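What follows is a single structure, written as structure tokens, with notes after it.
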Amino acid sequence: MRLVKHPNVVRLYEVMASKSKIYFVMEYVKGGELFNKIAKGKLKEDDARRYFQQLIAAVDYCHSRGVYHRDLKPENLLLDENGNLKVSDFGLSAFIESSRQDGLLHTTCGTPAYVAPEVIHHKGYDGAKADIWSCGVILYALLAGFLPFQHSNLMELYRKISRGEFKCPQWFSPRVRKLLSRILEPNPIQRITVAKLMENCWFRKGYKHIDIPPPSPQPRTLDSLITDDSSGSWEPRSPVRPSYFNAFDIISLSQGLNLSGLFEKDLNQRDCSRFTTRKPASDIVSKFQQQIAQTESFSIKNKDGKVKLQGSKEGRKGQLGIDAEIFEVTPSFYVWS
């Protein structure tokens, strides 16, 4: 939850622990659950649209940070004192690194009536597409006052979900019907994406884009941009001590002889570019410090040949981070990646 700081997501402020307990300090949302409103009956279309807009804005932001909720339902959507929606309960959420080499999630979880067909089938699923399906079920419930897929028998319920068998009440407008048919599409490949959904004319009506407050601006002077972790402050003349390449490292540079797959589960985490140079390590770090840091407003930390650059501007996926490491092959030949 620390990765997700959005006005429509319950804020996690702090995590503390003792020997036997873990304490979460979270935002207090006192308006109750969205479920309580639905339990009283269907909502007006404009009210349902506003809640749905806020839900999609929050879900889109979570996905941009690689976080998939996987248990979206009205009971996990809270309302603040101003009636604004807040997504909560990330207990079943997954981070993008939880996916396997196929890029899919494989844990079956969620609440039966809101779960996507592909989650039921145990064949791997896209977390973003599964969340979108759940959002569609919530939209239906907001407008109808009841769920699109219902049955007392769990297997029969799953059959209806797998086939996408639901009927819209007569008071649903044509645009809502069309949108729901695209969200509650059993085939995840054909299901509408968040980006396309946010372009939908029904969704766009009265939509207010939420600006995420940027982080505090970073100072742009070179001295304040650069720190050396080895001492806690930057020392301009501190020597750069690169790591050393051993025989195994050199052999692994050849794709055909790379044995890292025997030791690491996800090769995608090792994707990087490598360069060779005869310039000393201090010159390489200097290039980062003088050219990249000043022109692109990066803060830099370096220690023992490892350089970390952190951008000061907030993008869709957070602040840009770049890691570089310098290796000494011989006293006059270096590899950096």
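Quickly rank 44-57, 77-90 as a protection proxy: mean count of other C-beta atoms within 10 Å, highest first.
44-57, 77-90
Whole-Hz ³J(HN,Hα) for each residue in the stretch 52-58, computed from phi via Karplus 6.51 cos²θ - 1.76 cosθ + 1.60 with θ = phi - 60°, x for glycine and proline: what do you get?
With the stated coefficients, the stretch 52-58 comes to 5, 4, 5, 5, 5, 4, 5 Hz.
Remind me, relative contact order of the stretch 1-62 in percent, using alpha carbon pairs under 8 angstrom and six or more residues apart?
Relative contact order, the stretch 1-62: 33 percent.
Apply the Karplus curve 6.51 cos²θ - 1.76 cosθ + 1.60, θ = phi - 60°, to the phi angles in the stretch 176-191 and return the couplings in whole Hz, x for Gly and Pro.
5, 4, 5, 5, 5, 5, 7, 7, 8, 8, x, 7, x, 5, 8, 5
What is the calculated FRET efficiency for residue 204 to residue 154, with r their C-beta to C-beta distance and R₀ = 56 Å, to the nearest 0.05?
It comes out at approximately 0.90.
So what's the net charge close to residue 43: Lys and Arg +1, Asp and Glu -1, counting the other residues with Cβ under 12 Å from its Cβ?
+3
Which percent of the Cα-Cα distances in the stretch 12-204 go past 27 Å?
Cα-Cα pairs of the stretch 12-204 separated by over 27 Å account for 28 percent.
State, as an integer percentage, the relative contact order of the stretch 12-204 based on alpha-carbon contacts under 8 Å between residues 6 or more apart.
Relative contact order here is 20 percent.
In what order do 209, 63, 151 fall by count of nearby beta-carbon atoms within 10 Å, going from fewest to most?
In order of increasing Cβ crowding within 10 Å: 209, 151, 63.
Extending each Cα 7 Å along its Cβ direction at residue 189 and residue 13, get the distance between those two points in nm, one decimal.
About 4.9 nm separates the two model spin labels.
Would you mind calculating the gained length between residue 46 and residue 175 on full extension (0.36 nm times residue separation, minus the Cα-Cα distance), in nm to one decimal?
45.1 nm
Of 202, 171, how do they rank once you tally other Cβ atoms within 10 Å and put the fewest first?
So the residues, fewest neighbours to most, are 171, 202.
First select every other residue whose beta carbon is under 13 angstrom from the beta carbon of residue 193; then total the charges, Lys and Arg +1, Asp and Glu -1.
Summing Lys and Arg as +1 and Asp and Glu as -1 gives -1.
Coordinate-derived values only; no laboratory data. Small disclaimer: the values here were computed from a predicted structure and weren't measured. Every residue, glycine as well, gets a Cβ built from its backbone with ideal geometry; the counts of neighbours run over all protein chains shown.
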